[in-house]
Every structure is written in structure tokens, then in C-alpha cells.
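Have a look at the structure below before the remarks.
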Amino acid sequence: MRVSHEWLGEMVDLEGVEPAQVADLLTLSGTEVEKVTAFGVGLDQVVVGEVVGLRRVEGSDHLFLAHVATPGQEPREVICGADNLFVGALVPWARPGTRLPIGAEIGRKRLRGIWSEGMLCAPDELGLGSDHDGVLILSPDDAERGTTLDRLYPADHLYELEVLSNRADCLSHWGVARELSALLSRPLRDPEASRPTRSSLSPSVQVTVDSPTDCPVYLAEVLIGFSEAPAPDFVRRRLAAIGQRSLGGIVDLANYVMFEIGQPLHTFDLNRLPGVERGLEVGVRRGREGESIACLDGVARELDAETLVITVGDAPQAVAGLIGGEASAVGRGTSQVLLEAANFNWALLRSTSRRLRLRTEASGRFERQLSPHLARRGADRFIHLAVRHLGATLGPGAVGGAPLAPAAAIRCDPVWISSILGMELGPDEVASPLRRLQFEVRQEGGEVLATPPPYRTDVSTAVDLAEEVGRIIGYREVPGTLPPIRQAPPPEALEEPVARLTSTTCRAAGFSEALSLSLVSGEREALAPRLRRDLPHLELANPLSAQLGSLRLGLLQGLLQSAHHNQARGQDKVRLFEQGAAFWARGQERPEEPWMLAVLDLEDDGAADAVTRLRHLMALIASLSSVGGGGVVEFRPVTWPALHRARAAEVWAGAERRGIVGEVAQPVADAFDIRGRVEVAELRLDGWLKPGGRPGRAPSLPRTPALVLDLSVTVPSRALLGPALRAVAALDLPELELVTPIDEFLGDQLGPGFKGWTLRLRLRHPERTLTTAEGDGVRQAVLRVLELEVGARAR
Amino acid sequence: MTSVDLQELTAMALEEIAGADSLEGLDEVRLRYLGRRDGLVTLAGQRLRELSPDQRAAYGQAFNRASGELRAALETRQRELAAGEEAEREDAEWVDMSHPFREPGQGHPHPVAGLIREIEDVFAFLGYQSVAGPELEDDQHNFQLLNMPPEHPARDAHDTFYLSPPAGGWLYRTHTSPVQMRAMLGSRPPLRIIVPGRVARRDNPDPTHTPVFHQVEGLCVDRGVTLGDLKGTLEYVIRALFGGDRRVRLRASFFPYTEPSLEADVACAVCQGVGCRTCLQKGWIEILGSGMVHPEVLRNGGVDPETHSGFAFGMGPDRIAVLRYGLTDLRDLYENDLRLLECF
Ligand SMILES: [Zn+2]
């Protein structure tokens, strides 16, 4: 919302207060000023001229030649394209040499053989709003010939405000002035509002509200005898300043009151309403199937039981709080008006506004729970201005809705407020900011009883008062403290969380940390390898696009995309990992959110190198399990969708499958537009790795020497080392401390279809040195197992 | 043989030791003079027996001196020759140590993930434990228990992703605040937690929005917790994250789940508070929303607002990363471009 410094200044004395200070005070107390702009600056070069002669420029269908005069000067010729000039009009005249506020430099210009001495300006050309419909016509009441325009449009500052969603009361100059009055401790001057004696010369009016829940208050006022005069200059000037177009005297006045008081008003042309002769029957009711209304914006809208409508003689005349009907619109020549000042249910209006995809200044205010008490104030302000400036006479009025409950007093204890704010405040210090905010405050014993002003719908409890006191005193005044730590340290306080352990381990292995969106294209993820392959995607009901329509089932899709992104930008080596939640559907039940890790290694290189990288990836998985207390990892060869059929394995630890590792199948890499071989792994970490990882207990360290023996065997060329070593481990020989494969080779002497393994056995007895014979015994036992398991022969 | 002969022999031997130019040559010299059976000096030593007892003492001393001297010389020369040979061997294994290498030894942290770990560390100093909560939530935890009943206007700011049936009862959390509720419902005060995690809002990706982003939520509930405590805590944390000389301001605000509510701004680092494009001419950059936990929310969490109070805050590590590292487009955070990651 935009508010004017000058306008505010009418309600609270801003003498000596710089715009920057106003902005600061408002911002810190909750009404954020997003921008301060100067308005009407540079008008000291534009003069008020009188059009003393006017004719069409020959040979042109849209240009006029005006003779413009200032006192004591010969009239000059000015060419003008606007069609709203008339002889006697007072207009802003930018003479040659003038620099306009919008930056244009005015010169003498020759048009159609005539020298034009400067230009007559439209409001937008003067930096006075966006109106470009014609030359700004100045009112003879205010404008004096020959004076400069800055006397008419004093320089102003505009504040662009972001009003908090609970502060409907601040959506007006009056509301903002109330804040400033409290913040500056300067008195508030309420805008004048009065209701003169009613005339009985006009039609009577009745209001029937079907449901006070839908419409807590509906004021209808008849006003007659409007002159055709435009709204007074100060009204038009201020509206222009905040960017509102001038729409004629009556509408301008209603808008003015909305921006000043905050109460939206609607005016109907009385003579265009049905039943004027018998007396007006205004109704507020829900729409009916089949009803429709042609609205002011030229759109015909269907009505239904979800829509609140204003009827006259039971015929819909307006969609309540949103937009008026075309049939009863105020226009040129309107002299009698039915004024509506009402309040509508915010939730109802909100859903109507959404359904109709229509938001207006009025609906925006109602939606924020505008106080129903404001209706009377708004009506009276309009009446006051209409009678005074537009020659109107007040006729009968009527009220519908339910009696408005007065605001209740809120009791609060200054000691409690002090304990919330963290600063010592006595009853007077609590009362003072509340009084400045127009609360009625009484002190009773040590307690403070405060009644909020009727337009503050956001204040109803003691903690609301605490906030008011705090923000008006200013949080700058609250001393910052650190609360003492009273809770016990959590048992795992010193243990490294799994996510950190994982990140550190992966980075140490040369992989960089990635983060991808958890929203994916389900179609695309279906192509990528993943640990959980049997589940459908969880879909969003309201996605932004199909590309972001599903929740990810795994993390590899994101990494493959990033791999492509990096390769396309010239990286020949991409090593990334990501950890985070994936989303696994469980029907109606809460979906499962496993904590996943995905790792990717891409290099656009030869095939041999791919195996090294794959092994590196597997080593990373093993060391991750080791530091995370996940136990010994076992890789079980497997064929897996989207992975190379001969280069894929499941990752097992204990009796659980924890992940998959392998090379991405070439067609899949192609689908992701990736060159080269991509080695990947995806693991589920929760339930496997533990915070703190390793057991952290010292073993007994034997001091006897180890006996180291090598065992060389010949095995079939596709014999698997993993199961062979597991079988050896399953022997559980007490002396056999460690078995390490130290060589694997092919050779002519082994014959086709065979390969050789050399295993190094480390043996140890905790108390004594082992003999060679004992060593041979172990070696024979290992050999027997290898014979059984993989058909090994000793070499 | 006399002591004089022994002297000459020694002199000869020393000369040969000095002249040896390889370890093998030196060993030959050693065998020639000190060989156990027929070394010249060894043999000279054996003469001792042939001498009369009164001659023996002098000759014995001379012999000991000579053989000691030779052994020392041999040892020294051996060390010299060994060092020389090692140097030659190493020279043969010359490597261009100035050659540039390609392999990055260590991977890089993601700026946002790194920042979250940093935030966790700062709060750990203040006794906050980092906890996690589910990313998919129900309306109850994401909104209702946090004082946002259906149709509440504050929900407008939380443009929410809902899941399709059959999982239609779930939504992607729009903030990490539901974990506050879970923490309060799951344990008793005193309570101090922070909750880093992913959230999602229905914003089309653009330079200042990504539909999925991160938040770090914090909650402190105890007896006698004040807004002053909130202020002190925020100042401590902001100093830790942005440096001690960065100006901070607290601004009144509104959130349905806190009252009083505050937002924290830091002075814009680009313009030092004068106003620029980064801060939209405000001079300040909003980094955090916070407030005293609303009594209704405490009650919903099973905490008695008569005896306990608390504060809560939420910040956006993505935004903070943008500010701290000078990123110009939030979307860059989720593309994992190594040229970006390698800067951290
Ligand atoms: Zn800036």
C-alpha cells in the first residue's frame, strides 16, 4: 500500500520528522516501508496558465491550438493533442526551457507550420500519477493564474508499505497515522466526520441482512443533490499521489475515504436502482442458481449459494465486497446516491475472491478481518465530505446486521509482560504505549486493564498487549541475554551424526557434495538405476510442471542430471555424492522417508579405468560402513535394471541388503546424454550406519609375533573371490587373523579358463609363537575350503 | 716388526681407504688390512705374542691405536660412499615436481550443506541439539497445531504442494516448524533444538526462488525464557555467521505461531546499508523470522504457558549462502556445477 507523507501529516504532526525517520519508525514497529519516493518534485517551473482561445489546427483531426495566458503577459500559442480543453480552463503550462519532473526538456517546437510555445501537461507528465487521459484541469478555487504548480502540489514523499497480514487497521492513512502518533508520542487528529440532519425529500431505505455471520454490519445512506463538480483538489491530488486515477467526484470521494479511513465504500446511482419510488429495499443474501450480474468491469458473473450479493428489490446489484453491478454504476450526471458502508465475512470473501479470480482494494481489506466498527466511521466521513464539497444533502439511512459487540477490556499483569519481554516494566510503562495507541487503559491494583480501540481486531489477549507494548517501546530497548542451559546433555551429544560422517568420508574419498531438488520427473527417474525399483512414484496433486511432478524414489536421477550438466560444461571428470530423503509410498499410510546416499563417478575414459573407479567406489562403501559401525560389507554380484549386466552388485551388511553399486548401462547413460562410463552406488543409510560409528572400545593387543604364509591356487576364471573369502572366514579358525588377496593373474601355464590367486594368511596365537607345522595345518584347511567353494587347486 | 713398521702400515691403509671410490673397493681395503685371518694389520697384531713382556705393553698400545684409527676411517668412508650411491640412485628416479596434477584429493562440501553444519556447530555451543523430522507432513502438524486453521490468511504465504491419492492426506512441509510441535509433544521442557531440513513451496524456479529449499528451525522452551533471551541468542548466532561487526536489527512482525514476533535483518554487505539492488534499496537484508512461542502453540504442544515460555526462530540457509558467497541465482545451488562446488 502506498501512503503520502503530506496526507499523514494532516492527522499527526510530522513537523521536523524526516521521511527516512518515518520509514524507520514504521519498519521497526512492524509496518515495513519498502520504498520511499519523492512526489511532485520539480513543479516549481510549471506555471498555471489560462486557456483564453482554442481552435482546431487546420488539417489535423486531433490537434488543437490553444492561446494560453498568464497575468500581464500576451497569450502564447501552444499546440495540444488533448480534447478536454475549454476556454477558461486553468492548466499546467510547461514553457520552453522547462525541465519536467519525468525528465523531459521542453522547447519551442514547430508543428504544422505553427510554433508551439511549450506544452500543456497531463498528470503523468508532471509525475502526478499515471493519468494520461487529458490535460490536468485545475480548479479555479485552488489554482491562481501565473503561480507555479508546486504551490498547488507541494512536494510530497510516498511510502510503499508492506502491512502485516493481521493489521487490516493499518491499510489506511488514518491507521498508519495512529501508529506514528504512538511511536512519536504526538497527538492524533482524527479526520473530521459528521452526520448532518437528514432530509426527508428523498426515498426511504430499508436493509435486510439474511445472515449477520456473512455480513455483520450494513449501513445504507441516501445522499441527494450532488453537483457535477469534480472532487476537491486535495482529494484528487492525494489520490493521484498514491497512484489512483480520478473517476469523477462521487467515486473519487468514496476511494478517498477508503484510503484515508480504511473502510471500503460502494456507491449506487439511486435513480438506476429498482423501486426508488416506493422506497429502496436493500438485501444482503447468498446468490441463487441461475442468477447472474453484469459487473462494472464488463464481465457477467454467475451467482451461486457460495457468493454473497447485494440486492435492491431482490435484484442483484453487486457482488458483496468485491465489485458493483454495471446497471447501478455511478457515472456522469449521477445526482443521487445510495452509499454502502458494510463489513463482510472475511473467510467467505476470501473464497469468493479466489473462485472469481478477482481481487479489489475493497476485498483485500475485508479479507484481512477489517473491523465492522469502521463502517460507521467511513460512512460519516463520506457524508461529511460530500455535503461540504459536492453539495450533497443527506437523506434517510438504514442499518442491517447484528448489534456490534463493544471491544472487551483485557487484563494483564505488568510483571508477566516484563517476564515475556525480558525488561522491567511497571504499570505506567505498560499503560503509556497502550494509551498512545488509543487503547482505553485503567490500572487496578498492580494490574492493567486495556480496551483496544474498536478497529484493532488483532488484539484480544494479554500476549497481544505484550506485543503492542514491546513494539511501541521498540525492541532496540530490550537487553539481549543468553538463557542458562538447564537441560541435560543428550546421550549422543558427542557422537558424530551419520549425515556428517557420511559427508566427511565421501569428501575424503574425492567426491563433492551435491544437493538436488526432491521433486523430479517421474518419467525421467524411471530410467535411472535405483535401490528401490518396485514402487510407483508419489505424485503431487498440484505440481508446477510435469518436470517437478513426482517425489524422488532415489537420488541417482539427480546425480546423473548433474553429471550431464557438468560434462556439458567441459568437466571431463565428475565425482559427486548426495544424501537426503527419498519418498516411498505406503498407500494411505505416511510415506516412508529413507535416508539415502548416492555416489557417482564419471570419467570419459577407457574401459580399464572404469573398473578401477568402480573398485574405488566399493572401497568407499566399505570404509563408510567401517567408520559408521555398519559392519563388514559384502558385494553380491547381481543383474540390476539400468546397470551393466556384468558389473553390478548388491551391497550387503549383516543380513540386510543396504544398497547397489555398479556401472550405469550404456543406453541409460545415453538417455541422460552422458559420454563415458558412469560408476554409481545408491545406499540406504538409516537403520545401518550409527551415530558415532565405531565401537570405541580398546581390544587386547596380542604381543606374540604373527606367522605370515602365502597360498597360491588355480581357480576357474570366473570364480568369485568374495564368496571364497567368506567361506574361509566361516571356518572361524582361531589362529587365522587375516586373509588378504595379494595377487590375481592369468597365465599360459594355468591353461585356458583358469586364473591364479595368491592369498596371504596372517596367523597368530595370543600366548605363544606358532610352529611351522601349525601354520601348514591352517593352510591346508583353507585350501580344502577353497577346493569346495570355487574348485581351487594348489599351485 | 716394530711400532714404526706398524705406523707405516697404518699410513698406507689410511691412504687406500681415502682412495676407495666404491663400497666394494672399500671392503677390499678392509679385508686387506683388517681381514680376520690374513689382514696385514691383523697379522701385525699376532706378533704381539713373539715380543718380550716389556716390549708388549708399548706395541700393544700402538696396535690398538692403529686398528682403532683404521676402523673409524673405514666407517666414515663407508658412510660417505653409501650416501653418494643413494644420491645417484635417487637422481636416476627424477620426477618433475613442478608438473601440474589433475586429481583432486578431497571432494568439496556443498555451500548449503556446509552452512547447515556450521549453523549446527554454532548452536551446539549454546546447547542446541540438531534433530530431524519428516519432510512429508499432515495439515495438523504443518498448519493447525501452529495456529493456522484452514482458511487462515497466513496460509497464503505457504503455497503448499499436496500429494495425490492414495497419499492425499499428506503435503510437503512448507516450513520446518512442524518439527517444533513434534519435539514439544515428544519430550518435556527444558528443550533446545534446531531442525535443519528441506521444505517446499509452490514457487516457480527463478533467480530468487526454488520450489524446494532449506530451513533451519530453532526452539527453546523453559521456565522464564524471555524475548531478551531470543534477542541475545539471535545476536550471538548472527555475529557467528556474519561476523562480529555486522549490524543487526530486529523488526516487529507477525507469524501466527509466535507472539511477539520479530524479524531479523543484517546490514547489506554489498552497499553497507546505503541501499543497492541486492537489498532492494533497503540497506537491510531479512534473514530470519522469530518470536516468542504463541501460548496456544505451547498448549498444543502439551506445554503449560502459565509456567513455561519459549522462543522459536527460522532461517533460510539457501538465502544466507546467497548473501555470504555472493551468488546471483538461487537455482545454481541445485545444479551442482563443480566450478561452484570447488570454491568451497
Ligand atoms: Zn544493499
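Throughout, read-outs are computed from the coordinates displayed, never taken from laboratory work. Treat the numbers as computed from the prediction; the structure is a model and nothing was measured. Methodologically, a virtual Cβ is constructed for each residue, glycine included, from the backbone with ideal geometry; neighbour enumeration extends over all protein chains shown.
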Inset, instruction - Would you please name the trypsin sites (Lys or Arg not before Pro) within the stretch A:310-356 that are DSSP coil residues with at most 16 other C-beta atoms within 10 Å of their C-beta? - result: A:Arg332
Legend entry - Nearest-0.05 FRET efficiency for A:Glu592 and A:Ala305, computed from C-beta distance (R0 35 Å): 0.25
Inset, instruction - Work from the charge dipole of chain B (Cβ charges, +1 for Lys and Arg, -1 for Asp and Glu, about the Cα centre) and give the residue of B:Asn142, B:His308, B:Ala11 farthest towards its positive end. - result: B:His308
Inset, instruction - Rank A:Leu738, A:Pro766, A:Phe754 by how far each Cα sits towards the positive end of the charge dipole of the stretch A:707-794 (+1 on Lys, Arg Cβ; -1 on Asp, Glu Cβ) and give me just the farthest. - result: A:Phe754
Legend entry - Neighbour-limited loop hits for GluC sites (Glu not before Pro), the stretch A:408-466 (at most 14 other Cβ within 10 Å; DSSP other than H, G, I, E, B): A:Glu424
Legend entry - Rounded to 10°, Cα long-axis angle of helix B:23-34 versus longest principal axis of chain B: 40 degrees
Inset, instruction - Treating cross-link reach as a plain straight distance, find the aspartates and glutamates whose alpha-carbon is under 13 Å from the alpha-carbon of A:Lys690, omitting any fewer than eight places away in the same chain. - result: A:Glu492, A:Glu495, A:Glu496
Inset, instruction - Sum -39500 (n - 2.57) across every DSSP H segment of at least 4 residues in the protein assembly as shown, then divide by the residue count to get the 222 nm mean residue ellipticity, nearest 500. - result: -9000 deg cm²/dmol
Legend entry - Virtual spin-label span in nm between A:Ala20 and B:Tyr162, 7 Å along Cα→Cβ: 4.9 nm
Inset, instruction - In whole angstrom, note down how far apart the Cα centers of the stretch B:91-141 and the stretch A:549-598 are. - result: 18 Å
Legend entry - Projected label distance in nm at B:Ala18 and A:His62, using a 7 Å step from Cα toward the beta-carbon: 11.5 nm
Inset, instruction - Evaluate the charge dipole of the stretch A:707-794 about its Cα centre and quote only its size in Debye, nearest 20, assuming +1 on the Cβ of each Lys and Arg and -1 on the Cβ of each Asp and Glu. - result: 140 debye
Inset, instruction - Could you let me know the centre-to-centre spacing of the stretch B:198-232 and the stretch A:395-464, using Cα atoms, in angstrom? - result: 31 Å
Legend entry - Kyte-Doolittle at least -1.0, axis length at least 24 Å by Cα - qualifying DSSP helices, chain A: A:607-627, A:772-790
Inset, instruction - Could you size up the charge dipole of the stretch A:43-153 around its Cα centre, putting +1 on the beta carbon of Lys and Arg and -1 on that of Asp and Glu, and report it in debye to the nearest 20? - result: 500 debye
Legend entry - Average other protein chain Cβ within 10 Å of Cβ, residues B:257-269: 3
Inset, instruction - Show which lysines lie in cross-link reach of A:Lys35 when reach means a straight Cα distance below 26 angstrom and same-chain residues fewer than eight apart are skipped. - result: B:Lys282
Legend entry - Within the stretch A:412-437, backbone nitrogen closer than 12 Å to the virtual label 7 Å beyond the Cα of A:Glu444 toward Cβ: A:412-413
Inset, instruction - Let me know the longest stretch in chain B that avoids all trypsin sites (Lys or Arg not before Pro) found in a DSSP loop with at most 15 other C-beta atoms within 10 Å. - result: B:103-222
Inset, instruction - Work out the length of the dipole vector of the stretch B:111-341 about its Cα centre, built from +1 on the beta-carbon of each Lys and Arg and -1 on the beta-carbon of each Asp and Glu, and round it to the nearest 20 debye. - result: 480 debye
Inset, instruction - Run the quick spin-label model on B:Ser187 and A:Ser200: label points 7 Å from Cα toward the beta carbon, then report their separation in nm to one decimal. - result: 7.7 nm
Inset, instruction - Per residue, how big is the convex hull around the C-alpha atoms of the protein assembly as shown? Give it to me in cubic angstrom, could you? - result: 326 Å³
Legend entry - Cleavage-rule hits, GluC sites (Glu not before Pro), the stretch A:706-795, DSSP coil, Cβ neighbours within 10 Å at most 11: A:Glu767
Legend entry - FRET efficiency estimate (nearest 0.05) - Cβ-Cβ, A:Arg411 to A:Asp124, R0 60 angstrom: 0.65
Legend entry - Unpaired by the 4.7 Å Cβ criterion, cysteines found in chain B: B:Cys220, B:Cys343
Inset, instruction - Pop the C-beta distance of B:Val95 and B:Ala11 into the FRET formula with R0 = 35 Å and round what comes out to the nearest 0.05. - result: 0.20
Legend entry - Distance from the stretch A:207-231 to the stretch A:688-742 (C-alpha centre basis), Å: 91 Å
Inset, instruction - Putting +1 on Lys and Arg Cβ atoms and -1 on Asp and Glu Cβ atoms, find which of A:Phe259, A:Gly249, A:Cys295 reaches farthest to the positive end of the dipole of the stretch A:205-401. - result: A:Phe259
